[in-house]
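The values are calculated or read from the model by the stated rules, or taken from the named source; none is laboratory data. Remember, it's a predicted structure, so these values are computed and weren't measured experimentally. Here Cβ is always computed from backbone atoms with ideal geometry, including for glycine, and neighbour counts include all displayed protein chains. Keep in mind that these areas ignore ligands, DNA and RNA; they rest on the heavy atoms of the full protein, side chains included. Shrake-Rupley method; radii C 1.70, N 1.55, O 1.52, S 1.80 Å.
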Amino acid sequence: MVMPSRGGIISCHITDIAMLYASYLSFVDNGALFVVSERIQQLGDEVFVAVTLPNSSERLPMNGKVVWLNRKAQANRPAGFAVQIGKDVSGQKIKNEVEHLLAGKLDSQQATYTM
């Protein structure tokens, strides 16, 4: 796993299933996770994120590319950015775990952090 050249490690702690649902972008190729943050990113930036999923204390490593930006908080959408989940082994582990935790909820019409 290659670390990005700038920016360091970004932490993403998703505390519960509702937050996971709001954070997951299933419409992105291989999925993406929204990181609530005031940190400035640009579309296409390569980032390294340590992800903690609900009901776990394990920090899962994820390399990915920034594919969505909320530059400032508005309505029920916090400031932050979404990182496309990589197709490497660790990315697939995260994607599989996220989709397992969200089983039966992915087609819901609830609001998310992005749409």
Which one is least open to solvent (accessible area, probe 1.4 Å), of the residues in the stretch 55-102 that are over 15 Å from the mean Cα position of the chain (by Cα) and among the acidic types (Asp, Glu)?
Asp88
Among Met19, Met3, which is over 19 Å from Thr114 (Cβ atoms) and at pLDDT below 95?
Met3
Residues (open to solvent by 50 Å² or more (accessible area, probe 1.4 Å) and either part of a loop (DSSP other than H, G, I, E, B) or out of contact with any Lys or Arg (no Cβ under 9 Å at 6 or more places or on another chain) (or both)) located in the stretch 40-54:
Ile40, Gln42, Leu43
Could you run through the stretch 29-38 and say how many residues are within 19 Å of Pro61 (Cα to Cα) and open to solvent by 10 Å² or more (accessible area, probe 1.4 Å)?
4
Please list, ordered by first then second residue, the pairs with beta carbon atoms under 6 Å, 6 or more apart or interchain, first in the stretch 67-81 and touching a residue at least 12 places away in the same chain (Cβ under 8 Å) and assigned to a loop (DSSP other than H, G, I, E, B), second of a type in the set (D, E, K, R) and surrounded by fewer than 13 Cβ atoms within 10 Å (Cβ to Cβ).
Ala79/Glu38; Ala79/Lys72
